[in-house]
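The values are calculated or read from the model by the stated rules, or taken from the named source; none is laboratory data. Source: prediction; values computed, not measured. Don't worry about glycine lacking a Cβ; one is built from the backbone with ideal geometry, like all the others, and counts go over all protein chains shown. These area figures cover heavy atoms from the full protein model, side chains too; ligands, DNA and RNA do not enter into them. Shrake-Rupley method; radii C 1.70, N 1.55, O 1.52, S 1.80 Å.
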Amino acid sequence: MNEREKPDRYLSPGEIEKKSFRILEGLLGEYAGSPAEREVVLRIAHATTEVDWAKTFRFSPGAVESGVEALRRGAPVITDVEMVRAGIRRSALERTGSPVLCFLNDPDVAEDAKRAATTRARAAMRKALPLLDGSIVAIGNAPTALFEVCDQVRKGLCRPALVVGIPVGFVGAAESHDETAALDCPWITAPGPKGGSSAAAAIVNALIRLAEKE
């Protein structure tokens with residue numbers, strides 16, 4: 001019995017992935033971006049099942065290549081929330097030596113946020129500042145975390161290898177996406193308030209796969 005004859009419920013993990021991407025390739029159709037950007041868009045669509053939304057993602061010139069190069073040299077991946085961190089293929093990153101870091105739940109971050117009357121997400125990115133140069137920053141949940149990173153980049157305090165900026169929400173998300181698209185460093189974002197941790201993790205996972213290919 002081949003894959004085509006099997007009911008979906010009996011497919012193996014490998015067969016499921018192959019079938020999913022065959023379907024996605026058909027749904028995506030022609031895509032104006034580069035092959036590397038297409039790979040990222042496919043992974044976003046695979047993680048979210050939202051092909052039309054995945055097509056709206058915007059990339060600064062060379063963004064994917066910068067992220068791939070950062071992974072190959074073992075740069076850290078810094079996330080805003082544990083959900084993004086949990087969705088990243090850390091087993092693959094271990095081969096490059098890239099740590100995946102999230103400071104949101106650190107006790108000192110909570111104390112700093114309370115003292116400054118700000119969010120833990122913003123305070124976590126302030127703690128991450130010494131690590132942001134040359135890193136990949138993946139933000140899928142908290143607009144205030146992305147605003148903080150944008151502020152740091154604009155002030156010349158850091159220059160990440162890539163900012164993945166797609167927090168979700170009705171308050172500040174769309175504005176933070178727009179600020180990301182104005183940064184003088186490589187970035188990936190989407191228009192409007194839509195985003196999410198699964199999409200942010202999917203982008204990093206796409207970069208990992210691209211880094212493994214060559």
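Six or more apart or on different chains, Cβ under 9 Å: which pairs go from a residue in region 126-154 that's closer than 12 Å to residue 70 by Cβ and hydroxyl-bearing (Ser, Thr, Tyr) to one that's in a helix (DSSP H, G or I) and open to solvent by less than 10 Å² (accessible area, probe 1.4 Å)? Could you list them?
135/70; 135/128
Inside region 113-191, counting only strands (runs of 3 or more DSSP E) that do not spill past its ends, which hold 3 or more residues that are among the β-branched types (Val, Ile, Thr)?
Values: elements: 136-139, 162-165, 187-189.
Because the criterion is at least 3 residues that are among the β-branched types (Val, Ile, Thr), the strands (runs of 3 or more DSSP E) in region 113-191 that meet it are 136-139.
Is it the case, given these coordinates, that residue 50 is among the acidic types (Asp, Glu), at pLDDT 95 or above and open to solvent by 30 Å² or more (accessible area, probe 1.4 Å)?
When the stated conditions are applied, residue 50 does not pass them.
Please specify each residue of region 126-157 satisfying the condition of being open to solvent by less than 10 Å² (accessible area, probe 1.4 Å) and more than 16 Å from the chain's Cα centre (by Cα).
128, 152
Would you check if residue 109 is open to solvent by less than 10 Å² (accessible area, probe 1.4 Å) and part of a helix (DSSP H, G or I)?
Working: open to solvent by less than 10 Å² (accessible area, probe 1.4 Å): yes; part of a helix (DSSP H, G or I): yes.
Taking the combined requirement at face value, the residue satisfies it.
For region 112-125, name all the residues that are touching a residue at least 12 places away in the same chain (Cβ under 8 Å), more than 25 Å from residue 69 (Cβ to Cβ) and open to solvent by less than 50 Å² (accessible area, probe 1.4 Å). Step through it out loud before you land on a result.
Residues of region 112-125 that are touching a residue at least 12 places away in the same chain (Cβ under 8 Å), as a first pass: 112, 118-125.
From what's left, more than 25 Å from residue 69 (Cβ to Cβ): 112, 118-124.
Once the filter is applied, which keeps residues that are touching a residue at least 12 places away in the same chain (Cβ under 8 Å), more than 25 Å from residue 69 (Cβ to Cβ) and open to solvent by less than 50 Å² (accessible area, probe 1.4 Å), region 112-125 yields 118, 121, 122, 123, 124.
For residue 63, all conditions in the list (1) within 23 Å of residue 179 (Cα to Cα); (2) without any contact (Cβ under 8 Å) to a residue 24 or more places away in the chain hold save one; what is the number of the exception?
Of everything listed in (1) within 23 Å of residue 179 (Cα to Cα); (2) without any contact (Cβ under 8 Å) to a residue 24 or more places away in the chain, residue 63 misses just condition (2).
Would you please name the residue that is nearest to residue 204 (Cα to Cα), looking only at residues in region 27-37 that are surrounded by 17 or more Cβ atoms within 10 Å (Cβ to Cβ) and not acidic (Asp, Glu)? Talk me through it step by step, then tell me what you get.
Of region 27-37, the ones surrounded by 17 or more Cβ atoms within 10 Å (Cβ to Cβ) are 28, 36-37.
Then keep just the ones that are not acidic (Asp, Glu); that gives 28, 36.
Working: 28: 20, 36: 13 Å.
Per the criteria, the residue is 36.
Going through 181, 200 one at a time, which residue ends up being under 21 Å from residue 98 (Cβ atoms), among the hydrophobic types (A, V, I, L, M, F, W, C) and within 17 Å of the chain's Cα centre (by Cα)?
200
Exactly one of these conditions fails for residue 96: (1) surrounded by 15 or more Cβ atoms within 10 Å (Cβ to Cβ); (2) closer than 19 Å to residue 143 by Cα; (3) not aliphatic (A, V, I, L, M). Give me its number.
Among (1) surrounded by 15 or more Cβ atoms within 10 Å (Cβ to Cβ); (2) closer than 19 Å to residue 143 by Cα; (3) not aliphatic (A, V, I, L, M), residue 96 violates only (2).
Would you mind stating whether residue 79 is within 23 Å of residue 180 (Cα to Cα), in contact (Cβ under 8 Å) with a residue 12 or more places away in the chain and of a type in the set (S, T, N, Q)? Quick ask: steps written out before the conclusion?
Working: within 23 Å of residue 180 (Cα to Cα): yes; in contact (Cβ under 8 Å) with a residue 12 or more places away in the chain: yes; of a type in the set (S, T, N, Q): yes.
For residue 79, the condition - within 23 Å of residue 180 (Cα to Cα), in contact (Cβ under 8 Å) with a residue 12 or more places away in the chain and of a type in the set (S, T, N, Q) - is met.
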